[in-house]
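The next block holds one structure in the form of structure tokens; read it before the comments.
All of the numbers you see were taken from the coordinates with simple rules; none came from a lab. As the structure is a prediction and not an experimental result, all values here were calculated from the model. With ideal geometry, Cβ positions are generated from the backbone for all residues, glycine too; neighbour counts draw on all protein chains shown.
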Amino acid sequence: MIAAGAIRSDNAPHMLCRYSLIVALLLSRIAASPADEVADPEDALTQDTLFAAPTEFDRVGRIVAPVVINGRGPFNLLVDTGANSTTFSTRLADELGIDYRNGRNIIVNGVTGRAMVPMALVEHLQAGALILRDQEVPIVDPRVMADADGILGIAALTDKQLVVDFRRNRVSLGNSRRLPGYLMIIKARRLPAGLLVAPALVGSVRTLAIIDTGAQRTLGNRALQAALRGLRRASVTVPVQGVTPDIAEGTQTRIENIALGQVLVNNSRVTFGDFHVFDIWDLNDKPALILGMDVIGRVDVFVIDFRRQEIGFRS
């Protein structure tokens, strides 16, 4: 099982979180607009969106969108709500002729461990109206991203709103707006690492949930597993890998109910383990869950408003 995602970096060999990169998306280039308009997933793609494109699922069920890089492409990058910067595979960097072998390296912390990876300069990246210039991006082996071209990270968009419409196979990124009342809305909060976390119930256990479209499967920490001991469900041992070569062992168990507000997901398989990323987030001592595409993909529409710190669903 692969739970792909992004990374965090700085100039020193600092610990790098899977879901936070200091190699930031320089979105100050994009002007903000009034934040109190109602965002309607039905017509979001006709509004003033920064990024709106058809999407599809990759071979492990994650959201893929077209991105033009240095005037070439489009290339298929995973849309990752758990990553705040973009990451390229070595294959994509080689195809683009980007030199990443003679530059500086950074330490990356992934779901299961840490690794040293090279950085490369990208002159121009465009996804719809979202344009980034002169960005340094980490370069990782495509095998740890299930052979994707790379990751389009969006968790650093602190004043933006993402709409994913699975029925229409469309994804759009625009400015923060008030969510419409027909969505089931959950209030989230921002962790020090930068990502949004929302309250959830796993069975009857109060849990912190991270919405991660870059993850194939749903992962839980040991604190959540311990709180669910009384369920006594059959389990199997499975391997888990993130954006580093480290492979961890997890215990996969069927969970009857996961609830986020009024959204109830039945019969999900959650893989529990001592995953490195929970150490980085300081979430080892309380029940926590990474909601992957196996759960997220069951709804019709979901919206993440990074400024308002709200998550909306329609099933």
Task: Modelled label reach - K187, point 7 Å along Cα→Cβ, the range 290-315 residues with backbone N closer than 17 Å - done: 305-313
- [ ] Using Cα pairs closer than 8 Å and at least 6 residues apart in sequence, work out the relative contact order for the range 263-315, in percent.
- [x] 31
TODO: For the range 144-207, just the Cα set please: Rg and Dmax, both in angstrom.
DONE: 14.8, 39
- [ ] Give me the number: length gained by fully extending T158 to V236, i.e. 0.36 nm times residue separation minus the C-alpha to C-alpha distance, one decimal in nm.
- [x] 24.2 nm
